[in-house]
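The values are calculated or read from the model by the stated rules, or taken from the named source; none is laboratory data. These numbers come from a predicted model, not from an experiment. We place every Cβ from the backbone using ideal geometry, glycine too, and count neighbours over all the protein chains shown. Note: accessible area is taken over every heavy atom of the protein model, side chains too, but ligands, DNA and RNA are not part of it. Shrake-Rupley method; radii C 1.70, N 1.55, O 1.52, S 1.80 Å.
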Amino acid sequence: MNIYKNYINGEWVDSVSGEVFENKNPAHKEEVIGVFQKSVAEDVEKGVAAAAEAAEAWKKTPAPKRGEILYKVGETLVRKKKELARDMTREMGKVLKETMGDVQEAIDMTYYIAGEGRRLLGETTPSELPDKFCMTIRIPVGIVAAITPWNFPMAIPSWKLLPALMAGNTVVFKPATDTPLSAVNFIKIFEECGLPRGVLNLITGSGKDVGEPLITHNEVKLISFTGSTEVGQGVASLCARDIKRYSLEMGGKNAIIVMDDADLDLAVEGAVWGAFGTTGQRCTAASRLVVHKDIVKRFTNKLISKTGALRLGDGLLDSTDVGPLINENQLNKIHEYTQIGIDEGAKLLTGGKICKEGDCADGYFYKPTIFTDVERDMRIAREEIFGPTVVIITIGSLEEAIDVVNDTEYGLSSAIYTRDVNKAFVAMRDIYTGITYINSSTIGAEIHLPFGGTKGTGNGHREAGTTVFDIFTEWKSIYVDFSGKLQKAQIAG
Ligand code: UN1
């Protein structure tokens with residue numbers, strides 16, 4: 001049995017609790033992948049102390065030098081991509097092609113952010129006074145807590161750890177309890193690439209025992225969180241109490257509009273990928289299909305037949321299209337939503353069942369599920385399900401479609417399939433989400449563009465892109481007066 005440890009101050013250590021938890025394969029629920037430290041507040045204390053001790057030297061390391069370490073991390077990720085992806089598929093289920101994509105997203109982020117070491121741009125601007133110079137620079141925030149979900153076990157940590165480190169912060173990282181192995185694998189690479197000790201610390205364990213003490217620790221200055229809206233609200237209220245910085249990336253109820261002039265085969269392909277890719281467990285997943293009444297029948301038939309062809313199974317097998325759900329709780333929750341949909345009067349077209357046959361016998365598999373006759377106010381049309389369930393809502397015009405898309409408390413991703421450039425531009429302008437795709441699905445954001453959403457999806461921040469540094473740095477305005485006399489802004493003479 002592999003026993004994995006916490007990484008604190010450059011050493012792999014046991015939790016002071018002396019307890020561990022098991023990490024199991026959701027495709028084969030008896031298969032234990034390893035045991036991990038069930039950490040507690042005292043471990044957090046040690047992690048934060050290490051991060052505090054390392055802070056000064058790391059902050060003063062020139063940013064291009066910090067970048068050089070990150071480039072090495074990128075190269076190592078490239079070299080180990082396949083084995084990292086295999087470990088990830090084993091611990092969280094998504095198919096190998098997708099876990100390879102997850103590692104690739106981390107590679108892209110690593111190279112992108114490493115390059116920022118030679119930019120981290122501020123601005124210069126004229127002063128209103130003679131012989132005076134004005135500029136802005138970015139300064140680190142301090143100790144950052146990164147709290148990440150299980151659906152992108154390496155990509156999402158990369159969105160947080162890399163910019164946090166590049167900006168000169170030190171970090172304590174708490175990964176989801178369902179995916180600690182990918183976190184350990186990631187940290188080992190930083191270690192191998194020469195990141196100084198204490199700069200990045202890993203503590204595994206639950207939200208209650210590790211997350212909470214981390215969030216409320218008075219030396220931790222910023223919480224970067226991705227996960228459910230419910231937990232995010234808890235993070236926000238803990239941070240509000242201490243007036244602490246926090247960035248939240250939370251739920252979605254993303255929609256694809258399919259207009260009557262759309263390339264239907266392309267739209268169906270995009271819908272299947274958006275709804276059932278990653279078994280629907282993406283915050284960008286397409287969970288509402290908003291389809292024009294004139295083509296809804298043809299679209300639905302094509303969708304059912306493509307969905308029926310999806311093969312469920314262990315994500316390590318080439319033959320698998322859709323892997324398991326992450327755990328039993330999620331399986332039950334998704335099945336409950338099927339019942340909710342039926343009770344609300346929606347029509348179940350396909351799926352709606354736990355799958356136990358063949359390759360699915362000992363995992364948490366759920367049949368890709370499609371509902372039609374769905375009204376926008378039904379719970380299945382409003383709540384984030386986070387599984388392979390998609391609903392079809394019929395509309396009669398673009399205006400109605402946009403109104404339906406916007407009629408949600410979330411605002412992450414959206415898409416429209418149309419061949420009419422005018423309609424595409426209206427959608428780009430009027431859909432109120434952080435991301436909009438034209439003739440492509442709701443998933444697949446690239447790391448050099450801002451990522452995040454409006455309304456209940458977040459709290460106004462954007463990860464990735466250049467905007468990520470607005471999370472992980474403070475702005476400082478600097479005035480240099482070289483006149484040799486006291487000059488008073490705003491005051492004549
Ligand atoms: C998420 O589901 O939390 O755009 C992130 C995408 C991926 C990231 C998804 N690049 O679907």
Expected vector for region 372-387, Karplus 3J(HN,Hα) from phi with 6.51, -1.76, 1.60 and θ = phi - 60°, integer Hz, x for Gly and Pro, equals 10, 6, 9, 9, 4, 8, 5, 4, 5, 9, 10, 9, 6, 8, 6, x
Given 179-187, 334-342, the highest-first ranking by average Cβ count within 10 Å works out to 179-187, 334-342
Projecting the Cα atoms of Asn332, Ile256, Ser305 onto the charge dipole of region 254-438, where Lys and Arg contribute +1 and Asp and Glu -1 at Cβ, the residue farthest towards the positive end is Ser305
Measuring from the longest principal axis of the C-alpha atoms of the chain, the long axis of helix 328-344 (C-alpha) lies at a number of degrees, nearest 10, equal to 50
Summing +1 per Lys or Arg and -1 per Asp or Glu among the other residues with Cβ less than 11 Å from Glu98's Cβ gives 0
Treating only Lys and Arg (+1) and Asp and Glu (-1) as charged, each at its beta carbon, one finds that the chain has a dipole about its Cα centre, in Debye to the nearest 20, of 920
Within the chain, the percent of DSSP beta bridges that are antiparallel, given to the nearest 5, stands at 40
The size of the Cβ-based charge dipole (Lys, Arg +1; Asp, Glu -1) of region 250-399 about the Cα centre, to the nearest 20 debye, is 180
Once normalised by the length of the chain, the mean sequence separation of its alpha carbon contacts under 8 Å that are 6 or more apart gives a contact order in percent of 18
Taking r as the C-beta separation of Val480 and Lys455 and R0 as 51 Å, the FRET efficiency to the nearest 0.05 is 0.75
Taking 162-172, 261-271 and ranking on average Cβ neighbours within 10 Å, highest first, one gets 162-172, 261-271
Once Lys and Arg are counted +1 and Asp and Glu -1 for all other residues with Cβ under 13 Å from that of Gly207, the total becomes -1
Those chymotrypsin sites (Phe, Trp or Tyr not before Pro) from region 405-456 that are DSSP loop and have at most 15 other Cβ neighbours within 10 Å turn out to be Tyr432
Those cysteines in the chain that have no second cysteine Cβ within a distance under 4.7 Å are Cys134, Cys193, Cys239, Cys283
Once phi for every residue in region 412-419 is put through the Karplus expression 6.51 cos²θ - 1.76 cosθ + 1.60 (θ = phi - 60°), the whole-Hz ³J(HN,Hα) values, with Gly and Pro written as x, are 8, 10, 7, 8, 9, 9, 7, 9
Check: C-alpha center region 387-453 vs C-alpha center region 327-352, spacing in Å is 24
GluC sites (Glu not before Pro) in region 38-137 lying in a DSSP loop, each with at most 12 other Cβ atoms within 10 Å of its Cβ, come to Glu123, Glu128
per DSSP, antiparallel bridges as share of beta bridges in region 254-438, % nearest 5, sits at 20
Dipole check, the chain, charges on Cβ (K,R +1; D,E -1), about Cα centroid: among Trp273, Ala41, Pro126 the Cα furthest to the positive pole belongs to Pro126
If every Lys and Arg gets +1 and every Asp and Glu gets -1 at its Cβ, then about the Cα centre region 175-234 yields a dipole, in debye to the nearest 20, of 140
XL table Lys82/Lys306; Lys174/Lys208; Lys5/Lys244; Lys29/Lys94; Lys29/Lys82; Lys302/Lys356; Cα-Cα > 19 Å flagged, in table order, is Lys82/Lys306; Lys5/Lys244; Lys29/Lys82; Lys302/Lys356
Correct response: the longest run of the chain lacking exposed trypsin sites (Lys or Arg not before Pro), defined by DSSP loop and at most 14 other Cβ within 10 Å, is 120-292
Per DSSP, the loop-located GluC sites (Glu not before Pro) within region 353-412 having at most 15 other beta carbons within 10 Å are Glu357, Glu375, Glu409
Residues other than Leu129 with Cβ under 9 Å of its Cβ, Lys/Arg counted +1 and Asp/Glu -1, net out at -1
Taking a probe of 1.4 Å and leaving out DNA, RNA and ligands, the chain shows per residue an accessible area in Å² of 42
Computed, not fitted: 222 nm per-residue ellipticity of the chain from DSSP H runs ≥ 4 (each -39500 (n - 2.57)), nearest 500, equal to -12000 deg cm²/dmol
